1. Within the stretch 189-207, identify whether any single residue is in a strand (DSSP E or B) and either of a type in the set (G, A, S) or open to solvent by 10 Å² or more (accessible area, probe 1.4 Å) (or both), and answer yes or no.
2. Sort out which residues of the stretch 173-205 are touching a residue at least 40 places away in the same chain (Cβ under 8 Å), farther than 24 Å from S84 by Cβ and touching a strand residue (DSSP E or B) at 6+ places or on another chain (Cβ under 8 Å), and write them in order of number.
3. Can you name the residue in the stretch 80-99 that is open to solvent by 50 Å² or more (accessible area, probe 1.4 Å) and not in a loop (DSSP other than H, G, I, E, B) and is also farthest from ligand 2 (Cβ to nearest atom) among such residues?
4. Which number in (1) within 14 Å of ligand 1 (Cβ to nearest atom); (2) surrounded by fewer than 22 Cβ atoms within 10 Å (Cβ to Cβ) marks the one condition that N77 misses?
5. Can you tell me which residues in the stretch 1-16 are open to solvent by 20 Å² or more (accessible area, probe 1.4 Å) and closer than 23 Å to A220 by Cβ?
6. What residue, among those in the stretch 281-305 that are without any contact (Cβ under 8 Å) to a residue 24 or more places away in the chain and in a loop (DSSP other than H, G, I, E, B), is nearest to T259 (Cα to Cα)?
7. Show me the helices (runs of 4 or more DSSP H) found entirely inside the stretch 106-188 where at least 2 residues are surrounded by fewer than 16 Cβ atoms within 10 Å (Cβ to Cβ) and among the small types (G, A, S).
Amino acid sequence: MTAAAELIDVTQRFGSFTAVDGIDLAVPSGKLTTLLGPSGCGKTTTLRMIAGYSAPTSGTIRIDGADSTRTPPEKRNLGMVFQSYALFPHMSVADNVGYGLKLRKVPAAERRARVMETLELVGLAHLADRKPKKLSGGQQQRVALARAIAIKPRLLLLDEPLSNLDARLRVQMRAEIRRIQAETELTVILVTHDQDEALEMSDEMVIMNEGRIVQQGSPAQVFPRPADRFVAEFLGYENFLTAADGTPLTIRPEHLRITGPIAGQGDGLEGTVADVAFRGVDLLVSLDVTDPSGATVRLLADVRGGPAPQPGSRVTVIAPDDHLIPLPR
Ligand SMILES: Nc1ncnc2c1ncn2[C@@H]1O[C@H](COP(=O)(O)OP(=O)(O)O)[C@@H](O)[C@H]1O
Ligand SMILES: [Mg+2]
């Protein structure tokens, strides 16, 4: 794997507070990598250090193999898009997109060609002469993206770029950014706190908690094998129980099956239905179950088809072995 950017034992402190705590990270070239984690875990701080807006307290940042720890942002050839698009309101869409090229003294004819090519890429060529305030939120977002891409950056850094869009547009833009990344083969680092966004968009996902990287891998590697309870909870695993030997286990709600009343000795877990919520095609059933260690745990089963279990009824819950995931103690 070629790394477009590498962080080696990078720490960022603000006074006595450690926002980023000795992280090692290799960002693969030509791929989309997400930094995923809850608010305050250090994602933006990490991105700002990669961009050069703040220097790490300690550690090394390499871009294309060269030590860039103290290189100023304008010498790093990076494109950035933030949550707020910060378009220049008095400039047309085309001038916004061409701004970085103008700064780099790209001749006017070439600039125009690059601007139009980039606007084609984001589907906005027909709006080249508009002012940003005449555009929808989604269109402004594309202009910001086009402005960042027009300079053909070595890295494209996106900090929660979709969080100001409404839910439907946000989902559309995920696919759109994915397509643009694939067409341009840009190296993209995208910061998000939304696990669905990360799972859908990432080649590589880097999960952070309290300034540290807790797991890294492709969605197909990470999702079925969360490294610990924090990652499991963050990715939507709701059920935590303990094996007879004390190993913590997790299982997804859609992998639990409810049979009833009691299937028999040793086969499944006995429990009581606490609550049933109808959700259109499926049912969410809360259960109080005796787990293999003998503890009573609240489990959530996502059930499709079959009659709805009655609250208060005794049932047997099947947690298939191949879906039970062991977690570290
Ligand atoms: N300039 C700063 N001074 C002091 N604390 C900061 C500064 N920037 C960020 N922090 C703190 O560092 C932590 C991580 O922040 P940030 O990287 O913005 O988190 P995220 O982007 O994951 O939500 C937060 O607790 C935040 O309050
Ligand atoms: Mg942030």
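1. Checked against the condition, which is being in a strand (DSSP E or B) and either of a type in the set (G, A, S) or open to solvent by 10 Å² or more (accessible area, probe 1.4 Å) (or both), the stretch 189-207 yields at least one hit.
2. D203, E204, M205
3. The selected residue is D95.
4. (1)
5. Step one: of the stretch 1-16, the residues open to solvent by 20 Å² or more (accessible area, probe 1.4 Å) are 1-3, 6, 8-9, 13-16.
Result: M1, T2, A3.
6. G305
7. Filter on the stretch 106-188 gives 108-121, 167-184.
To keep it simple, each residue is scored yes or no on (1) at pLDDT 95 or above; (2) open to solvent by 20 Å² or more (accessible area, probe 1.4 Å); (3) not β-branched (V, I, T).
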| site | (1), (2), (3) |
| --- | --- |
| E254 | no, yes, yes |
| P261 | no, yes, yes |
| D267 | no, yes, yes |
| L287 | yes, no, yes |
| T296 | yes, yes, no |
| L300 | yes, yes, yes |
| R314 | no, yes, yes |
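The values are calculated or read from the model by the stated rules, or taken from the named source; none is laboratory data. Given the structure is predicted, the values throughout are model-derived calculations rather than measurements. Note: ideal-geometry Cβ built from the backbone for every residue, glycine included; neighbour counts use all protein chains shown. Surface accessibility is based on the protein's heavy atoms, side chains included, excluding ligands, DNA and RNA. Shrake-Rupley method; radii C 1.70, N 1.55, O 1.52, S 1.80 Å.
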